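Chemist: Following this message is one structure expressed as structure tokens.
The values are calculated or read from the model by the stated rules, or taken from the named source; none is laboratory data. As the structure is a prediction and not an experimental result, all values here were calculated from the model. Cβ placement follows ideal geometry from the backbone for every residue including glycine, while neighbour counts extend to all protein chains displayed. Please note that ligands, DNA and RNA were not included when accessible areas were found on the heavy atoms of the full protein model with its side chains. Shrake-Rupley method; radii C 1.70, N 1.55, O 1.52, S 1.80 Å.
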4 protein chains.
Amino acid sequence: MKLACFGAGRIGGVHARNAAAQQGVTLAALVDPIDTPQRAALAAETGAKITSTEEVFADASIDGIIIASSTNSHAGLLEQAADSGKAVFCEKPISLDFALTAAVVEKVEASGIPCMLGFQRRYDASFLAARQRIDSGVTGPIEQLSMWSRDPSPPPRSYVETSGGMFRDSTIHDADMLRFFLREEIASVYAVGACLISPEIGAAGDIDSLMITVTTVSGRQGQITACRRGPMGYDQRLEALCANEVLTIGNQPQSMLSVASPAGALQAAPENYFIERFAQAYRDEMAAFVAMIRDGTAPLAGIRDGYEAQRLVEAAIVSAKTGQPVQFGADWRP
Amino acid sequence: MKLACFGAGRIGGVHARNAAAQQGVTLAALVDPIDTPQRAALAAETGAKITSTEEVFADASIDGIIIASSTNSHAGLLEQAADSGKAVFCEKPISLDFALTAAVVEKVEASGIPCMLGFQRRYDASFLAARQRIDSGVTGPIEQLSMWSRDPSPPPRSYVETSGGMFRDSTIHDADMLRFFLREEIASVYAVGACLISPEIGAAGDIDSLMITVTTVSGRQGQITACRRGPMGYDQRLEALCANEVLTIGNQPQSMLSVASPAGALQAAPENYFIERFAQAYRDEMAAFVAMIRDGTAPLAGIRDGYEAQRLVEAAIVSAKTGQPVQFGADWRP
Amino acid sequence: MKLACFGAGRIGGVHARNAAAQQGVTLAALVDPIDTPQRAALAAETGAKITSTEEVFADASIDGIIIASSTNSHAGLLEQAADSGKAVFCEKPISLDFALTAAVVEKVEASGIPCMLGFQRRYDASFLAARQRIDSGVTGPIEQLSMWSRDPSPPPRSYVETSGGMFRDSTIHDADMLRFFLREEIASVYAVGACLISPEIGAAGDIDSLMITVTTVSGRQGQITACRRGPMGYDQRLEALCANEVLTIGNQPQSMLSVASPAGALQAAPENYFIERFAQAYRDEMAAFVAMIRDGTAPLAGIRDGYEAQRLVEAAIVSAKTGQPVQFGADWRP
Amino acid sequence: MKLACFGAGRIGGVHARNAAAQQGVTLAALVDPIDTPQRAALAAETGAKITSTEEVFADASIDGIIIASSTNSHAGLLEQAADSGKAVFCEKPISLDFALTAAVVEKVEASGIPCMLGFQRRYDASFLAARQRIDSGVTGPIEQLSMWSRDPSPPPRSYVETSGGMFRDSTIHDADMLRFFLREEIASVYAVGACLISPEIGAAGDIDSLMITVTTVSGRQGQITACRRGPMGYDQRLEALCANEVLTIGNQPQSMLSVASPAGALQAAPENYFIERFAQAYRDEMAAFVAMIRDGTAPLAGIRDGYEAQRLVEAAIVSAKTGQPVQFGADWRP
């Protein structure tokens, strides 16, 4: 199997290396318009040829593409993949423009190409174990779901300015997890947001702290609490109150060492950031991409999941702006 | 010092015993209209005389009263205490009728009697340590506050019917904690509620599961997640994201024993319910009542705190009913 | 029921207060040869009369005595209690002189008086829950038992000099726990000891750090690791490897607050020292003393347990001195 | 760099794959006398040629060899490597025959080849972090060291019969850790062993449960508690009492999911066994082997460490047999 990777940045590097390490897979091409030492090193390490978008789509021997390039290129690459019949692994979001997202999703679904969205948390051992336990029936139904999502430190203003804002850039992952666990139509979305920690983010017109509350059509409740800065470092937790059990996913410590002194017992800090915390999830996700192409195995996140998570954050954005809850439903559009 | 206790039920028993155990304190009187074995035993154990409301207020040697009787008697007893100049320890709520609550608070404050509200969580070592750490400045300001409050099992329908509903009966404690930690004017209150676990509670017209989101005037965010049933038992936790640290208060296990087997390591379940979980807090609270009478020491919760916590849950009730956030502020009234 | 307490020091204060708080119990007498403010305060608080040993034993209305006086007075008081037929609660050790201990135990047993030894850890909720779980059969038999015992800081040289040494003074509690859990004849005892942390203790001819390994006649293994100083504070833990489960008893934190920062998550330090850690165990132990007198309920630790625990530490002392394991058995004597 | 791997079994597979994944490294040869599907798959996956011992040593282009074959082949391969000048990574033990181990170590050291022993725990993030913290000086010196080592289930009799016994086969890893942390000459070794859990192991003449106590020349104390079966699964923990801090290394859970129910909160079980628990340590260890060849970087464990750990377990074997402590020292030989 031959794959091509678009993007030689941080997340591109993760996906390219994981793809190259899959058995029976050749990372044939790496496309990134900017000639950096990082791009050269990644090509050398993975054995990929540095090439162009045109060449990738012209090469019929390439079975699938990995879209890990800048956000504004995602939609165009998805459309070209749909036209050329190549399988796609695409990083979120599809597009910051929701109308374009909707159009691209329609086109990709119509084309019938296998397409997988990069919601790697679905492949994490802890989140997956929680979901499987719920699926097994032993927990009983979820009644209340709480999630936390905090970055170790706020991004620079330059990043914020092109990110689409905290909801679209970051909270989309949490929105996906909300859907992954609640699995029922969302009835209402209420969000509050504020700039509490980073004046730079405020100057860029964005928020850095938010809370979202959703209800489902049967009345179940979910909440997301997120911040661009977590004093404890990278903070990704979940708690599901189910009828019979409460499931809790804690942060993953960097080691199992704890240090006890008169001040108390100090546990090791959580894994530094998403690259470290989800290292294994990224490997498993790429294996799932290969399995999707090879065997037709359905991935845990398809392009429709990307669309729906984005629709949810768009509702949260509307709620945070208007101060009113959004009456959500299958037909709601921003 | 001589005290009288109104109410010989569960919480009355706790307060009466703790009062009798204070050095230099005599529990002189116990008032409960219903002649139960429990009342007789409590009187025997504490040495209190079973007597009447009239006798208590006619007895000038009684310095203070403990109001732990049924909710509908609180307001009247507070008024009589105000008239007679006796110090008061009063269980929440002041009255289920907010207008009456407001009137009683006015009268008590005007009378100048020392009056303390039974928000025992303010005296718990864990909650107090968190608050003191924040006061010390080391944590930096709170940005996001999350709280959970779950009972081990739902109350019977008969209790629910006279309770004033989950918000007024139970969530008022969490509302008080929200105020105790945020210490800033609340700007907005949004709540969702549903009956998810107990059809009996639904039949009584109440809810059993709720989430509340508040913002303060400076944009800080708080949330309460509560349920009338916690599969893990009694669940009282708090997490405060501050600028420099995240403070977490976990549940208190019944013992330090954990049992590891192939299934994993099983920690002891949390203390069974509020009587056990807050046993020490109740002792410390009663000591604070005695100190208030003896030395004039300000208690951690005064009657105004009872009023404000109730005002907050009234706003949550309005929000849950209308589906809209309430624009709160110092002047908001239900 | 009327009780008398010998000793108005730290542990005497604990027992006197707990005795006075028992329902139906009057602490009638307090005996301590030294007139301190502490003695006066304890008498005032408990309502006990400060009196003499002679008066206590002459007073037929006194049902039982609590021996919490200095170690060298224990044996004599036990003998007088045996002569006068009063029930006894005695702090460990019976005597630092093993031959005297043996003689006193013989006499007390011959007299038939109810006699209970102050091994309060047997009444602690965590240690008791572990023992009860083993008794229930669910764990299967213990195979390997590990215990830790560390004080927050080393005692002063003056204390060490009259203490009988670390083994007799402190490790006797751990030896009792070893017996409480293993419940099988000990076959061998090996101990190493050193002075690693406190030159003062070394100057007094004692050790401050030790490890003991025992085997039972069926080959099961136990170990004690102890130190006069624990950097984490008071450290009392146990781990029992059983056939089906591993039971672990951790330290009890001072509160449930944990503080997460970039350094990691800091849990609250353990309860400060034995008075705080075993506060509830001391209450339950005194209730058991009262129940022993009132109902004849067998206590969890009798005078024979005091003798056996002391015999075990004597063997450890011999081993540590000779560098050889002691072949222990029912007949071994130091 | 070209490497050869001897052994295509479980641990051979781990090392071969990790070697092949190193950048700039070719796994050129795989040697295993038995033609299994596992061997074929490993060769296919790593690109290694299945070949013979003779060919490997005849091929001057092979820089280093990985010895992961059966124990009785280790010594011979080490000698051939010494003769041929190839770098070696060797799994423990060097030989079950201590005299042969001593002779081989002499020869390897005399040859000057770079040689690294497979004590992977030295490369584990948790154990390494503990050691580095001690090295930093912040903890103060170690005073008491405790280690636990338990397998999820006892090995079959056939394995036991050729293993050299529990001390030589399994406890050698713990002996190495004892040395890695204590870093001082051992003065005495005392061990007890019994067959408590597996009659099959007893029938093979081996033990399944042991405790070791060591002292260093300055009086510091260490203990190992080990069992061929851990009810909680694979159990590898360490606790170091240092002057200022207590360091604890806990087991690594399979996920961060915990499940709370009325029974308590159940944490995920530890990683299944050493392959899973030390997956990252094995990767880092192989990277260290490559670095040793490429840059001359000293590995964390050299062949002398293999010799010394084995000498320590030989002393434990003598102690367990005789029931007496062994007076150890630099010159002690079994």
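Chemist: Cα convex hull of the protein assembly as shown: mean projected area in nm², to one decimal?
Modeler: Taking the Cα atoms of the protein assembly as shown, their convex hull projects to 52.9 nm² on average.
Chemist: Step through the residues of region B:270-281 one at a time and calculate ³J(HN,Hα) from phi using the Karplus curve (6.51 cos²θ - 1.76 cosθ + 1.60, θ = phi - 60°), rounding each to whole Hz and writing x for Gly and Pro.
Modeler: Here the 3J(HN,Hα) series is x, 3, 4, 7, 4, 4, 6, 4, 10, 3, 6, 4 Hz.
Chemist: Relative to the longest principal axis of the C-alpha atoms of chain A, give the angle of the C-alpha long axis of helix A:98-111, reported between 0 and 90° and rounded to the nearest 10°.
Modeler: It is inclined by approximately 50 degrees.
Chemist: Just to confirm the number: angle between the C-alpha axis of helix B:37-46 and the first principal axis of chain B, 0 to 90 degrees, nearest 10?
Modeler: 80
Chemist: While we're looking at this one, here's another question. Just to verify a number: FRET efficiency for C:Lys321 and C:Glu106, C-beta to C-beta distance, R0 = 25 Å, to 0.05? Please list the in-between numbers first.
Modeler: Values: r = 27 Å, r/R0 = 1.07.
FRET efficiency, C:Lys321 to C:Glu106: 0.40.
Chemist: Right, here's the next one. Just the ratio, please: alpha-carbon radius of gyration of chain B over 2.2 N^0.38 Å, N its number of residues.
Modeler: In units of the globular-protein estimate, chain B measures up at 1.00.
Chemist: Which ³J(HN,Hα) values, rounded to whole Hz and listed in residue order, are derived for region D:297-308 from phi using the Karplus coefficients 6.51, -1.76 and 1.60 in 6.51 cos²θ - 1.76 cosθ + 1.60 with θ = phi - 60°, glycine and proline given as x?
Modeler: Along region D:297-308, the couplings run 4, 5, x, 6, 9, x, 5, 5, 5, x, 5, 5 Hz.
Chemist: What distance in nm lies between label points placed 7 Å from Cα along the C-beta direction at B:Lys49 and B:Tyr273?
Modeler: The two pseudo-label positions are separated by 3.3 nm.
Chemist: Expressed as a whole percent, how much of the Cα-Cα distance distribution for region D:221-300 exceeds 19 Å?
Modeler: 60
Chemist: Looking for one value pair here: nearest-to-axis residue in chain C (by Cβ) for the rotation onto B, and the distance in whole angstrom.
Modeler: Residue and rounded Å distance to the axis: C:Ala21, 4.
Chemist: Per 10 Å bin, what percent of the C-alpha pairs of region C:54-106 does each bin hold, from zero upward?
Modeler: Percent of pairs per bin, in order: 26, 57, 17, 1.
Chemist: Mind listing the long-range amide H neighbours of D:Cys195? Cut-off is under 5 Å, sequence gap 5 or more, other chains count too, H placed in the peptide plane at 1.01 Å from N.
Modeler: D:Asp208
Chemist: Another question, if that's okay. Where in region A:123-156 does the amide nitrogen come within less than 16 Å of the point 7 Å from the Cα of A:Asn244, taken along Cα to Cβ?
Modeler: Those under the cut-off are A:130-143.
Chemist: How about C:Lys321: which lysines have a C-alpha closer than 24 Å to its C-alpha, ignoring those fewer than 8 places off in the same chain?
Modeler: Cα-Cα hits under 24 Å: C:Lys92, D:Lys321.
Chemist: Taking θ = phi - 60°, what integer Hz values does the Karplus form 6.51 cos²θ - 1.76 cosθ + 1.60 yield along region A:311-322, in sequence order, with x for Gly and Pro?
Modeler: Once θ is set to phi - 60°, the couplings for region A:311-322 become 4, 5, 5, 5, 5, 5, 4, 4, 5, 4, 6, 8 Hz.
Chemist: Excluding ligands, DNA and RNA, what is the solvent-accessible area per residue of chain A at a probe of 1.4 Å, expressed in Å²? Write out the running numbers ahead of the final one.
Modeler: Details: 11590 Å² over 334 residues.
Heavy-atom accessible area per residue stands at 35 Å².
Chemist: Taking both sides together, what accessible area is buried at the D/A interface, probe 1.4 Å, expressed in Å² and rounded to the nearest 100? Don't skip to the answer; put the middle values down first.
Modeler: Values: alone 14490 and 14500 Å², together 27100 Å².
Chains D and A together bury approximately 1900 Å².
Chemist: In terms of modelled amide H atoms, which long-range or inter-chain residues lie less than 5 Å from the amide H of B:Arg229?
Modeler: B:Asp151
Chemist: Going by amide H atoms built from the backbone, whose H comes under 5 Å of the H on A:Gly323, apart from near neighbours?
Modeler: none
Chemist: Given label points at 7 Å from Cα along Cα→Cβ, what nm distances, shortest first, separate C:Ala330 from the same residue in every other copy?
Modeler: 5.1, 8.0, 8.2
Chemist: Right, something else. Excluding same-chain residues fewer than 8 positions from D:Lys107, which aspartates and glutamates have a Cα within less than 18 Å of its Cα?
Modeler: Straight-line reach from D:Lys107, under 18 Å: D:Glu79, D:Asp83, D:Glu91, D:Asp97, D:Asp305, D:Glu308.
Chemist: Given N residues in region C:94-247, what is Rg(Cα) / (2.2 N^0.38 Å)? Please report the intermediate quantities before stating the final value.
Modeler: Values: Rg = 16.9 Å, N = 154, 2.2 N^0.38 = 14.9 Å.
Output field value: 1.13.
Chemist: Starting from the 7 Å offset along Cα-to-Cβ, what nm value, one decimal, do you get for the label separation of A:Glu161 and C:Glu185?
Modeler: The modelled label-to-label distance comes out at 8.6 nm.
Chemist: Something else about it: Once each part is reduced to its C-alpha centroid, what is the distance from region A:40-92 to region C:193-252 in angstrom?
Modeler: Using only Cα atoms, the two centres lie 62 Å from each other.
Chemist: Mind checking which lysines have their Cα closer than 17 Å to the Cα of D:Lys49? Skip sequence neighbours fewer than 8 apart in that chain.
Modeler: Within reach: D:Lys2.
Chemist: Also, I was wondering about something else. Between B:Ala291 and B:Asp135, what's the calculated FRET efficiency when r is the beta-carbon distance and R0 is 25 Å? Round to 0.05.
Modeler: Details: r = 20 Å, r/R0 = 0.78.
Plugging the Cβ-Cβ distance into 1/(1 + (r/R0)^6) gives 0.80.
Chemist: In 10 Å bins starting at 0, how do the alpha-carbon pair distances of region B:2-113 split up by percent?
Modeler: 15, 49, 30, 6
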